[in-house]
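Everything below concerns the one structure shown next.
The values are calculated or read from the model by the stated rules, or taken from the named source; none is laboratory data. Because the structure is predicted, anything quoted here is derived from the model rather than measured. In this analysis, Cβ positions are derived from the backbone assuming ideal geometry, glycine residues included, and neighbour counts consider all displayed protein chains. We work out accessible area using only protein heavy atoms, side chains counted, and drop any ligands, DNA or RNA first. Shrake-Rupley method; radii C 1.70, N 1.55, O 1.52, S 1.80 Å.
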Amino acid sequence: MRAAVTREPNVMEMDEVPDAPEPGPGEARVRIEAVGLCGSDYHLFTGEIGSTTVHGPQFPKIQGHEVSAVVERLGTGAPAHLREGQRVALWPLRGCGECYACSIGRSNTCPDFCLIGVHVDGALAERLTLPAQQLFPVGDIDDPGIVAFVEPISIAVHAVNRTRVAEGERVVVLGAGLIGQALSLAARERGAKVLLVDLVASRLELGRLTGADVLDASGVDDVVAEARAWSGGQGPQVVFDAVGSPAVLQQAVELAVAAGRVGVVGLSDRAVELPMGMLVAKELDILGTSVCSAEAFAEAAEIAVRNADVISKLISRRFPLEEAPEAIAWAMANPAEALKVVVEA
Ligand SMILES: [Zn+2]
Ligand SMILES: [Zn+2]
């Protein structure tokens, strides 16, 4: 079958690889329809974020973890709600099943979790064989590009669950990249009011489609003061860092109302300095959120169905599978324009 193979850092090429195997017991083979590319893909592609080697070497690797697919063949013992020919989103994660995190149902924080397209081969290929429990039917969405959004939306659903976003609350999302947009959508689904903050005007325009108010930080002296004023004066109940930068997390901690919550969704390996007195005085809950749970993934599929119109407008550009190397190159070279690039079969 055809696949985009990342051979070594910064080298992705189309190649002929062995076909995805017949599904064994509890497995399924799917035909890939669409794959979204995201920041994690870029970091893995450049070799900047190394994956663990528990599941094998980092390269060569077929990337792709935001996936729309059709069930081609089910192995014996597959869950009864799955059938061949069905369109599904792929939950990319499985835990080791043995560690403490896995034992309490939080495999998304398993130190040895395995993500398709990161730790093992993923979906920038014609077909993939994987455990059937990672398949989530999506009902009748016609556009596979929208189904590929279920994965990034699931990250946002998990983050609003972790931070207990509730009806009528004020939520500020710092960063209007794709995850920021998904956070806005998920928090709005919970009945919260959302302010989306970014430096890029075009992203904020898209953010309005998700139902958020927006704040262009490039034209503002004091982002914290402006966002606090929007919240009604005391500060929002929940603030998300959807950037992954120490300065943004500092802003989030300062901005959140006393007794509020801060969700850390952006990824960074940098250290951050925080005022301890403020953490004590405000009793903030600072909550890291990693990938998502199976429950969040199932809900994300429902949110994608309900918001298909908005999501379709968040797709910046589509490429055919044969041009996957061009797709990732374009996405990385055009960060302001490339909110979401989708590779299609
Ligand atoms: Zn992703
Ligand atoms: Zn585990």
Quiz item: What accessible area per residue, rounded to a whole number of Å², is obtained for the range 23-91 using a probe radius of 1.4 Å?
Solution: 40 Å²
Quiz item: Under DSSP H, which helices of the chain have Cα atoms covering 15 Å or more of the helix axis and a Kyte-Doolittle average no less than 1.0?
Solution: none
Exercise. With the full set of protein chains in place, find how many percent of the accessible area of the range 212-322 is carbon and sulfur; take the probe as 1.4 Å.
Key: 50 percent
Quiz prompt | Within the range 71-150, GluC sites (Glu not before Pro) in DSSP loop having at most 13 other beta-carbon neighbours inside 10 Å | solution = E84, E98
Exercise. Would you mind telling me which residue in L209, L185, L279 has the biggest mean-square fluctuation in a Gaussian network model of the chain, where springs connect alpha carbons within a distance under 10 angstrom?
Key: L279
Exercise. Could you tell me what percent of the DSSP beta bridges with both partners in the chain are antiparallel, to the nearest 5?
Key: 55 percent
Self-check item: Relative contact order, percent, the chain [alpha-carbon distance under 8 Å, six or more residues apart]
Solution: 18 percent
Quiz prompt | Å³ per residue enclosed by the Cα convex hull of the range 236-279 | solution = 58 Å³
Quiz item: If you project the alpha carbons of the range 272-345 onto the principal axes, what extent comes out on each, in Å, largest first?
Solution: 54, 32, 21
Exercise. Write down the accessible area per residue of the range 221-345 in Å², having rolled a 1.4 Å probe over the full set of protein chains.
Key: 48 Å²
Exercise. Could you order peptides 62-68, 20-26, 320-326 by the average number of other Cβ atoms within 10 Å of their residues, highest first?
Key: 62-68, 320-326, 20-26
Quiz item: Where the Cα atoms of the range 79-162 are projected onto their three principal axes, how long is each span, largest first, in whole Å?
Solution: 39, 29, 27
Quiz prompt | Carbon plus sulfur fraction of accessible area for the range 1-85, probe 1.4 Å, in percent | solution = 54 percent
Quiz item: Rounded to the nearest 5, what is the percent of antiparallel bridges among the DSSP beta bridges in the range 35-154?
Solution: 90 percent
Practice problem: Please work out the average accessible area per residue across the range 152-216, using the 1.4 Å probe convention, and give it in Å². | Solution: 32 Å²
Quiz item: Normalised by the residues of the range 217-304, what does the relative contact order come to in percent, with Cα pairs under 8 Å and at least six apart?
Solution: 24 percent
Quiz item: Expressed as a fraction of 2.2 N^0.38 Å, the rule-of-thumb size for a compact globular protein of N residues, what is the C-alpha radius of gyration of the range 5-118?
Solution: 1.16
Exercise. Pop out the carbon and sulfur fraction of the accessible area of the range 103-162 as a percent, whole number, probe 1.4 Å.
Key: 47 percent
Practice problem: Just need the Rg to Rh number for the range 100-230, please, alpha carbons only, Kirkwood Rh. | Solution: 1.04
Exercise. Against the globular-protein guess of 2.2 N^0.38 Å, express the Cα radius of gyration of the chain as a ratio, rounded to two decimals.
Key: 0.98
Quiz item: Taking one equal scatterer on every alpha-carbon of the range 185-293, how large is log10 of I(q)/I(0) by Debye at q = 0.10, 0.16, 0.20, 0.23 1/Å?
Solution: -0.28, -0.75, -1.20, -1.54
